Amino acid sequence: MIDTHSHILPNLDDGFETMAQSMDVITLAAAQGVRVIVATPHCCDGVYDCRKSDILAACRDLSAAVARAGIDIRILPGAEIRVNHDLVARFDAGDLLTLGNTGRYLLCELPPMFITQAVLQMIRQLTQRHVTPVIAHAERNPVIMAHPELASDLIFTGARLQVTAGSLTGDFGRGPLKMARTLAQNNQIFCLGSDIHPGRKYRMKPAEKKLNKLMDSADTDEILQKNPEHLLEPSPWRREPFPDRKNTGCDKFLKIS
Ligand SMILES: [Fe+2]
């Protein structure tokens with residue numbers, strides 16, 4: 001299982017304060033069957049703007065501690081980047097860290113309110129640069145919750161949707177739970193992340209069980225293993241599979257259950 005969103009690196013953002021706290025969560029993640037955690041501290045969100053070099057250095061330190069502890073988990077670098085007007089310019093300037101530092105997928109956090117056309121334009125600009133935006137916790141965004149049909153627009157324009165594990169277990173309330181279920185039933189989830197912060201529960205394994213009730217185990221495996229494996233694949237020569245009808249959710253009538 002691969003966790004594609006976490007605030008596991010200590011002392012960078014609103015994640016954990018000490019290495020010991022991070023290691024406690026990593027131990028828990030290993031017990032839940034997680035083998036890779038992508039560390040994605042906040043960037044460009046108006047409060048935190050973690051620098052690439054700091055994230056890479058913190059990732060090396062935490063990876064060394066994990067190896068010393070003999071835990072079978074890889075920690076990979078990444079960032080959760082708040083979408084704003086200069087995101088593409090900052091990407092072009094080389095400021096932004098992609099997931100796994102492969103240069104291929106960028107974890108983007110939409111603001112609570114946004115203009116759809118501007119976001120679709122940003123997605124187009126990134127895909128023109130051969131970078132795929134992954135929309136972080138799409139199910140928790142108020143605009144998407146109010147307009148679930150936007151999920152298909154985002155996917156067709158070239159983005160992929162990430163859901164937080166805790167949304168599927170109801171940790172974020174009824175709205176995100178309903179939206180996460182809808183995205184799962186419409187096969188619109190590309191990958192899952194714990195988005196682990198202090199005070200939240202680590203929910204990857206419980207979320208897997210919830211997904212298995214909503215879809216085939218093969219589809220769950222795509223979300224938890226195959227898609228993230230592809231996402232973290234470093235080779236620029238491996239062609240990204242274009243989503244088929246099933247994966248865009250366009251073979252089903254979008255319904256809120
Ligand atoms: Fe996050």
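The values are calculated or read from the model by the stated rules, or taken from the named source; none is laboratory data. Everything quoted here is computed from the prediction, not taken from an experiment. Here the Cβ is made from the backbone with ideal geometry for all residues, glycine too, and neighbour counts use every protein chain on show.
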Reported set for the stretch 149-183 where residues are small (Gly, Ala, Ser) and surrounded by fewer than 22 Cβ atoms within 10 Å (Cβ to Cβ) is SER152, GLY158, GLY170, GLY173, GLY175
Residue satisfying condition, being away from the ligand (no atom under 16 Å from the Cβ) and at positive phi, within set HIS137, HIS130: HIS130
In the stretch 26-45, what residues are farther than 19 Å from ASN101 by Cβ and away from the ligand (no atom under 14 Å from the Cβ)? ILE26, THR27, LEU28, ALA29, ALA30, ALA31, GLN32, GLY33, VAL34
Hits in the stretch 155-214 - residues which are over 23 Å from HIS230 (Cα atoms), in contact with a strand residue (DSSP E or B) (Cβ under 8 Å, 6 or more places away or on another chain) and hydroxyl-bearing (Ser, Thr, Tyr): TYR202
Qualifying residue in the stretch 187-199 (condition: modelled with pLDDT of 95 or more, in contact with a Pro (Cβ under 7 Å, 6 or more places away or on another chain) and more than 14 Å from the ligand (Cβ to nearest atom)): no
Any residue in the stretch 1-27 that's touching a residue at least 12 places away in the same chain (Cβ under 8 Å): show its pairings with residues that are away from the ligand (no atom under 16 Å from the Cβ) and assigned to a strand (DSSP E or B) at Cβ separation under 6 Å, as long as the two are six or more apart or on different chains. ILE2/VAL36
Exactly one of THR169, THR182, THR248 is modelled with pLDDT of 95 or more, farther than 26 Å from HIS42 by Cβ and away from the ligand (no atom under 16 Å from the Cβ), and that one is THR182
Hey, ARG35 hits all of (1) surrounded by 15 or more Cβ atoms within 10 Å (Cβ to Cβ); (2) within 16 Å of the chain's Cα centre (by Cα); (3) within 22 Å of LYS201 (Cα to Cα) but one; which does it fall short on? (1)
Take ASP13 and decide whether it is within 17 Å of TYR202 (Cβ to Cβ) and either crowded, with 19+ Cβ neighbours inside 10 Å or away from the ligand (no atom under 16 Å from the Cβ) (or both). no
Are there any pairs with C-beta distances below 7 angstrom linking a residue in the stretch 184-207 that is more than 19 Å from GLU109 (Cα to Cα) and basic (Lys, Arg) to a residue that is within 14 Å of the ligand (Cβ to nearest atom) and part of a loop (DSSP other than H, G, I, E, B), with the two at least 6 apart or on different chains, and if so which? LYS201/ASP171; ARG203/ASP171; ARG203/SER194
So which residues in the stretch 58-110 are farther than 18 Å from PRO41 by Cβ, of a type in the set (Lys, Arg) and over 20 Å from the mean Cα position of the chain (by Cα)? ARG68
Hey, could you check the stretch 200-210 for residues that are closer than 19 Å to VAL38 by Cβ and more than 16 Å from the ligand (Cβ to nearest atom) and say which is surrounded by the fewest Cβ atoms within 10 Å (Cβ to Cβ)? LYS205
Residue count, the stretch 38-57, condition on the phi > 0 side of the Ramachandran plot and over 19 Å from the mean Cα position of the chain (by Cα), comes to 1
